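What follows draws every value from the coordinates through simple rules; no lab data is involved. Not measured: the values here are computed from a predicted model. Every residue, glycine among them, receives a Cβ derived from its backbone with ideal geometry; neighbour counts consider all protein chains shown.
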Amino acid sequence: MLLTAQFVYPPAGITKLLRIMKLTAIIVLAACMTASANSFSQIVTLSEKEAPLDKVFKEIKKQTGYVFFYDEAWLKQAKKVSIKVVNSPLKEVLDLCFKDQPLTFSIIGTTVVVKKSLVISAPVPSDTAKPSAYIDVRGVVKNERGDLLGGVSIILKGTSRATVTDGSGNFYMKNVSKSSILVFSALGHVAKELPVGENGTYTITLNIAQDEMTATVVVSTGYQHIKRTNVAGATSTIKASELAFNGTNTLEQALQGKLPGLVVINNDGLVGTRQKTIVRGVSTLTGTQDPIWVVDGIIQSDPLPFKAATLGALGAITPDNFDYVRNFVGSAISWLNPNDIEDITVLKDASATAIYGVRAANGVIVINTKKGKEGPVTVSYSNTVNISEKVTYDKLELMNSKERVAVSKEIFDRGLTSGFTVNTIGYAGALDDYLFGRITYEQFNARVKYLETVNVNWFDKLFRNPVSVNQSLSLSGGNANTRYYGSFGYTDTKGTAIGNDMKSYTANVGLNTRLSNKLTANVRISASQATTDGFYRVNPYTYASTVNRAIPGYDSAGNNLFYKNRSGYLFNINNELGNSISSNKNTSINTNFNINYDIAYGLRFSSLFSLNQSNIVGYSSATERTEYIAANYRGYDYGTAKVTDVPYKNSRLPIGGEYNEDNIQNVSWNLRNSLSYSHIFNLKHALSVMLGQEANSSHYEGFSNTNLGYLPERGKAFVALPLTYTSSNTPNPLLNMNMAKILTDRITNNMGYYGTVNYSYDNRYVFNFSVRADASNRFGQYTGEKFNPVYAGGVRWNMMYEEWARQLNWLSTFSLRSTFGYQRNMVSTVSPDLIARMPTQFTSQIVDLFTGEPRLVVSSLPYGDLRWEKTATVNLGVDFGFLKNRINGTVEYYIKKGKDIITTLPVPVEYGVASMPVNGGDITNRGLEISLGFIPVRTKDYTLSISFNTSKTYNTLNRAGIQNPNWRVASSGNLYVDGYPVSGLWAFDFTGIDTATGYPTINLAVANGKSAATDPTAYMKYMGKLNPDLTAGMGINFRYKMFSLSSSLYLQVGGKKMLTPAYTTLEKQAVGLPTEYENLSRELLGRWTPGNKQANFPGLPSAVANNVLLPDGKTFSNVYEMYNYSSARVVDASTLRINNINLSYTLPARITTIMRAKTINAGLGITNVFAWVSKDYKGRDAEVATGAQPRTRSFSIRFAASF
């Protein structure tokens, strides 16, 4: 087929594409951009007699600039035209030209698309037609979005002959008369008639019905595209156009509150950090709890290997040097440009996810990207500018300088003491100078008055109103045989904290082509690069929200003012931030290639291969000018000692700083081959069967190390460490110490076989079944576990297709669903092999003194008998729609019972490790999900639609296995206790205030039947779980003519959080008496004092050491430390948040045509608009109250156009 199109688009200058993308992008751009018109008047004057149609087209194009898109072969069948018009509208002229022609036309923007007429006057042939007039007819059916349509009914008009398309939209009919008419019809689409003619091979496009609520919904599982009415499993789908992207938020943040059963938790407001995503509760304890992300059928590997959080001896999670880099690496889909997404489907139950085998227990999120569409090339451009608010003190509820000085006065007036004091700064510093005669009383008073008015606004100094930019350019087009899509994206995101930035580039090229009547091929290449800058060792928000505002940051000349920090060394936050950094660059390339070969009608072979690579190069550093280096390595303040001085000689690191490098590379590939068969028997029995094999591998390689002596200002060089230090020439231990050198080499190989069966009778009764068997080199080496199959099945009754239901005009949809099956999960952090290593600590001996043999240290025991974690799932669902689906919804109830969950078991020291993983846990999740949609108003000019979804999850840990717990683990929500939720939170039982001393009182009574020696919950109080009990989201969309207004709300009910400690309890300050360093919450304004003994907040402590022996008989604490983690500090985390409000306007077609564009749209948006939180927060921001940097309100301006 030769297609002629005459138009030219200017070349697009694209810079900073990755090298591998440059050639491909240039070829596609050059191939797609052809000629252009001059003017666009829609008035035509024409006089022709018996002129060929193409000649008439050229004359009209000359006068109007409109481009004609047609098949030259069609014009040979057209009649010649005789016409005479003067100053007539283009539409009327074209109507005259096409009158009585076997062709018709449509106007799209400034393009006239010519196509064959759908109606012919020839009569339907009789069954006695001559054999020579018959041909075999085949083709593919899709909708206007390019989605392949399965289950489309195809009837030979006037006869009883019929067929239906398979799951990939293909159809085939033998011995069809060339003069016949085929009628294509599908639920939710406009029926279409096609004269057969001489061709025999067709690509049919069905337009979606204007009432989009009745359109056929296709569910993408990553393996298949199935009609929603043929799916028994639990799925939720949302179009990308329904999500609000402001240029700075992530895909996970955009999904918050949009789909039932999907919970997205924001940990803080820093740019580049990832969010926590949970589907239908927690299903594993040891491995990752994130769902699988699938893009165009390919499972995405996380750019970093999973690292389980390890608890220290006191139960706290302490980050290492490399965590400061890795915290700013995004998720498995951070490389994806949100503008390239078509739709997103969440697969939730066993029936929907079992085909993914051992990786499906946490749910699956399937993303389909945009594909090229048939027609002339379309170039689209969008630009979003986002301006965010600065973090301020407004909702932090922190003391100002005067209030903070009053606390210091009370400490002195009451004679309160502590084991750790600061007498060099603030009120205590002024008092110390006065008491020792260094200043007069008048000078002391003047200095105190000055301190009361300092009020340093650190959020003004360290934060900003950032301006971020997101730009996207895409092009698509093609003909019936080949379609293409390409895009380029650029994002420059600024965080509110100065120094927290991210800049990213994305590129994507995709090609879909039909190589023959039986063979199609699809290829996609994507690349991205993102650079994120963060912080190392110091954090602007932590400092601004905790430091005493009475401490000046600058002297009278505006220079940085240093003061001795808790470490005893000089500190200034500006100096610390300016001489330390964390940065990483994440580069990824993703390719996939898919071929489909139709062996026979309904029988198809498919092969999909993907190769993905990501490379993370990260580093963090602190120069010798930082307090961190002085306190941890050098031993004296920077610039205070010469080479000949004693402090210099006594220093292990007299010159240079610290440099940490973290390089991780992941290469993953996936090969999937499948054979599928689809057929409809007797127009009632629809059968679809698929058998397949899949192999995939994910290999992480990397090296992380710490180097000392770093001099960035001297060519980024490293100075040699001294061999000895001190006057006694003591060997420098830093030379022998292994400075955190970590080599990563982890490969996970999986092999699996799968099969699916989908059957429906008369579209009313549906049966789904799937089975999969897997084996892995990392897991399941136990003899009975290799290729041990997991299966799932479901049934569905589409009641609306019953004859009696068809008579109910008010009933649009009503279906009942039920599924049962198993999901599995593997933990890739363990190995079936014994792993031993050479000792590397400087105190170790590599060779045994007695045997002379190399010494080995057990790194990991062989865990070959571990079994897959197995989750049995039952799902019951009902789908309904009334009044042409103006009211529609879904209700689902599920139970997930996980067994053989991997937990840790303490083992004797003879094993060489402290603990080992065992299949020792059981988890139950059950819940209710509701999704509703309403369209109360829908007219030509007005449309109002409301969507609502909610889900409630009950999580219970039935068997947790043996642990080694302590109270800190319990108070952080990381203690697994039988009969309680996975994220259960425990706290000390606060009983009130001692009116005599002002000290908090704690109930440490041991519960009956519990052992305090091994179980801290015996003397602690259960407060609830960290994860919310119920989440809900609501979307409101209103359209008035070309204006659209939308908003999204998110509700979280239940869940508990622990407030930030009221009194600081550091290693040197166990009592919790405030020092001059830290600021305090305004909660303390209502504290107990000798004059306010009825207060509900504890008073200031005095000389309270860790003198309380807890009931476990081995741990000491004090009442103020216990108060910080008591029931008084636990709050209800319920929140109602307006996530976004967006207003957009689309220019009318008559204006865009004049501007030589297809569409032009502009809009305004507000994100993170407002939040209502529990009264327990006392007016503070929910994230602030628990110590995290808050997300601030942002405003965006968006412009988009297509040509």
Give me the distance in nm between label points sitting 7 Å out from Cα along the Cα-to-Cβ direction at ILE1151 and LYS402, one decimal. 5.4 nm
SER818/ASP54 FRET efficiency (R0 51 Å; Cβ-Cβ; nearest 0.05): 0.25
Using alpha-carbon coordinates, inclination of helix 19-32 to the longest axis of the chain, degrees: 30 degrees
Kindly rank 479-485, 359-365, 896-902 from highest to lowest mean number of other beta carbons found within 10 Å of each residue. 359-365, 896-902, 479-485
Could you give the nm distance between label points at VAL1006 and PHE1116, where each point is 7 Å from its Cα heading toward the beta carbon? 2.1 nm
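For the pair LYS940 and LYS239, what calculated FRET efficiency results from E = 1/(1 + (r/R0)^6), where r is the Cβ-Cβ distance and R0 = 22 Å, to the nearest 0.05?
That pair, LYS239 with LYS940, gives E of 0.45.
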If you line up the Cα atoms of the range 580-740 on their principal axes, what length do they span on each, largest first, in Å? 98, 26, 26
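How much length is gained if the chain between ALA836 and GLN693 is pulled fully straight, taking 0.36 nm per residue apart and subtracting their Cα-Cα distance, in nm to one decimal? Before the final figure, lay out the partial values.
Values: separation 143, 0.36 × 143 = 51.48 nm, distance 3.49 nm.
So the extension gain works out to 48.0 nm.
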Quick check on the chain: helices-only [θ] at 222 nm, where DSSP H runs of length 4 and up contribute -39,500 (n - 2.57) each and the sum goes over total residues. Nearest 500, please. -3000 deg cm²/dmol
Among 866-873, 681-688, 509-516, the order from most to least packed when residues are scored by Cβ within 10 Å on average: 866-873, 509-516, 681-688
Kindly express, to the nearest 10 degrees and within the range 0 to 90, the angle between helix 426-435's C-alpha long axis and the longest C-alpha principal axis of the chain. 10 degrees
For Cα extents along the principal axes in Å, the choices are (1) 117, 69, 67; (2) 103, 97, 79; (3) 103, 91, 58; which was calculated from the structure? (1)
Just tell me which lysines come within less than 17 Å, Cα to Cα, of LYS395; anything on the same chain fewer than 8 places away is out. LYS1175, LYS1178
Taking r as the C-beta separation of GLU1083 and GLU442 and R0 as 30 Å, the FRET efficiency to the nearest 0.05 is 0.30
Taking a cut-off of 25 Å between Cα atoms, list the lysines near LYS1114, but don't count ones fewer than 8 places away on the same chain. LYS1010, LYS1021, LYS1068
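Using the Cα gyration tensor of the range 436-591, with a ≥ b ≥ c the square roots of its eigenvalues, what is the shape: rounded (a/c below 1.5), prolate (a/b larger than b/c) or oblate (neither)?
Cα axes put the range 436-591 in the prolate bin.
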Straight distance only, please: which lysines reach the Cα of LYS870 with their own Cα at less than 28 Å, same-chain residues fewer than 8 apart left out? LYS276, LYS307, LYS348, LYS786, LYS896, LYS897, LYS899, LYS952, LYS1025
Using a 7 Å offset from Cα along Cα-Cβ at THR417, what residues in the range 435-451 end up with backbone N under 20 Å from the label point? 435-436
For the range 755-908, rounded, prolate or oblate, judged on the Cα gyration tensor with a ≥ b ≥ c (square roots of eigenvalues), a/c < 1.5 rounded, else prolate if a/b > b/c? prolate
Order by neighbour count: GLU50, GLU701, fewest other Cβ atoms within 10 Å first, most last. GLU50, GLU701
So how much slack lies between PHE767 and VAL909, counting 0.36 nm per residue of separation and subtracting their Cα-Cα distance, in nm? 45.7 nm
In the range 403-435, which residues have a backbone nitrogen under 19 Å from the label point lying 7 Å from ASP994's Cα in the Cα-to-Cβ direction? 411, 414-419
Peptides 228-234, 518-524 ordered by average Cβ neighbours within 10 Å, highest first: 228-234, 518-524
Relative to the chain, whose Cα atoms define the longest principal axis, helix 53-64 and its Cα axis are tilted in degrees, nearest 10, by 50 degrees
Treat each spin label as a single point 7 Å out from the Cα along the C-beta direction, and report the GLU701 to SER82 distance in nm. 7.9 nm
